[in-house]
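In what follows, a single structure is set out as structure tokens and then discussed.
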Amino acid sequence: DALTATLVSEEGATVTQKLEGPFEKARQAEKAKDTLEQIFAQLGATLYYAEHVEITGEHIPFIPASTLKQLRRTLVAELDAARESLRPRGKRKAAAEPAPVYPESHLTYLANVYNQKARDFYHRHGVQLIDAAYEAHEEDAEVPVMITKHCLRFAFNLCPKQAKGVTGVRTKVRPMQLVHQGETLTLKFDCKPCEMHVIGKIKGNILNSPLPGSREAMGLYSPSTQEERPIKWKALS
């Protein structure tokens, strides 16, 4: 004797488990049948709900509730896997040939091109001149270190767009300065796209520090001794 249980999802995924016997015949068949229906319908802690429970067979066996619940958990786990296998997978679109042309032929440091793969990507798409990213420490002059829509002229009611025609407010935009703990940053305003540019210069200690992502920065190389340092792995206890 054996009990065969099958779960079918609305997508058509089907899983089956067989519980080998022998089993005693239930003395109270109706009560045992109700128990079977209730246990297999109890799916509240899962993703599913039982739309229909069907029990077939000449005799209703007596099976401990703990055994039936374990069988139900096994079936639910298998149904999860079966549904996942039926889930349609998206396909990556083939690369366009020839590659589309990037709208700019020159990229400044603001494009943040830092590694060779990024350079190869932009060259493949028609960019001819590529400046190194700011992290490469090649921009040693004063340049915009932040571009923001938050504008101090607007905050101080000095926006030329809002103050146009207002007596006493200069509509000609001039740079401002932002002073913090002895450091002075110049603020320049590009009013057409409503942008404030914070102009600064890379600090000496950062300029002289190892490049981000380099072996030296990760402690894998010592420039003073020209020594390569292996990666040390620490086992978790």
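The values are calculated or read from the model by the stated rules, or taken from the named source; none is laboratory data. Quick caveat, the model's predicted, so the values are computed rather than measured. Reconstructed Cβ throughout: ideal geometry from the backbone, glycine too, with neighbour counts over all protein chains shown.
Provide a single number: the residues in the stretch 58-71 that are in a helix (DSSP H, G or I) and touching a residue at least 60 places away in the same chain (Cβ under 8 Å).
Let us first name the residues in the stretch 58-71 that are in a helix (DSSP H, G or I), namely 65-71.
Adding the requirement that they be touching a residue at least 60 places away in the same chain (Cβ under 8 Å) leaves 71.
Total satisfying the criteria: 1.
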Candidates Ile39, Ile55, filtered to the one that is in a helix (DSSP H, G or I), under 23 Å from Thr4 (Cβ atoms) and of a type in the set (Val, Ile, Thr): Ile39
Give all pairs with beta carbons closer than 6 Å in which a residue from the stretch 201-218 that is at pLDDT below 80 meets a residue that is in a loop (DSSP other than H, G, I, E, B) and surrounded by 12 or more Cβ atoms within 10 Å (Cβ to Cβ); count only pairs at least 6 apart in sequence or on separate chains. Glu216/Pro210; Ala217/Pro210
Tell me yes or no: at least one residue of the stretch 60-68 is aliphatic (A, V, I, L, M), surrounded by 13 or more Cβ atoms within 10 Å (Cβ to Cβ) and within 12 Å of Leu79 (Cβ to Cβ). no
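Inspect all residues belonging to the stretch 160-178 and state whether any of them is in contact with a strand residue (DSSP E or B) (Cβ under 6 Å, 6 or more places away or on another chain), part of a loop (DSSP other than H, G, I, E, B), among the aliphatic types (A, V, I, L, M) and at pLDDT below 90.
Kept after step one, since they are in contact with a strand residue (DSSP E or B) (Cβ under 6 Å, 6 or more places away or on another chain), are these residues of the stretch 160-178: 173, 175-178.
Adding the requirement that they be part of a loop (DSSP other than H, G, I, E, B) leaves 173, 175.
Pick out the ones that are also among the aliphatic types (A, V, I, L, M) and you get 173.
After this cut, where a residue has to be at pLDDT below 90 as well, the list is 173.
Yes - at least one qualifying residue is present in the stretch 160-178.
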Determine which single condition Arg87 fails, assuming it passes every other condition in (1) surrounded by 12 or more Cβ atoms within 10 Å (Cβ to Cβ); (2) without any contact (Cβ under 8 Å) to a residue 60 or more places away in the chain; (3) within 25 Å of the chain's Cα centre (by Cα). (1)
Within the stretch 17-44, track down each residue that is surrounded by 13 or more Cβ atoms within 10 Å (Cβ to Cβ) and touching a residue at least 40 places away in the same chain (Cβ under 8 Å). Gln17, Leu19, Phe23
Could you list all residues from the stretch 90-118 that are surrounded by 10 or more Cβ atoms within 10 Å (Cβ to Cβ) and either outside any loop (DSSP other than H, G, I, E, B) or among the β-branched types (Val, Ile, Thr) (or both)? Val101, His106, Leu107, Thr108, Tyr109, Leu110, Ala111, Val113, Ala118
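Residues Ala111, Ala94, Ala99: which one is under 30 Å from Arg124 (Cβ atoms) and touching a His at 6+ places or on another chain (Cβ under 6 Å)?
On the way: Ala111 fails: touching a His at 6+ places or on another chain (Cβ under 6 Å); Ala94 fails: touching a His at 6+ places or on another chain (Cβ under 6 Å).
Result: Ala99 is the single residue among Ala111, Ala94, Ala99 that is under 30 Å from Arg124 (Cβ atoms) and touching a His at 6+ places or on another chain (Cβ under 6 Å).
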Contact list, first residue from the stretch 176-187 and within 14 Å of Lys203 (Cα to Cα), second anywhere and β-branched (Val, Ile, Thr) and part of a strand (DSSP E or B), beta-carbon distance below 9 Å, six or more apart or interchain, is Leu185/Val145; Leu185/Val179; Leu185/Val198; Leu185/Ile199
If you take the residues in the stretch 8-36 that are within 19 Å of Ser66 (Cβ to Cβ) and part of a strand (DSSP E or B), which one is nearest to the chain's Cα centre (by Cα)? Gln17
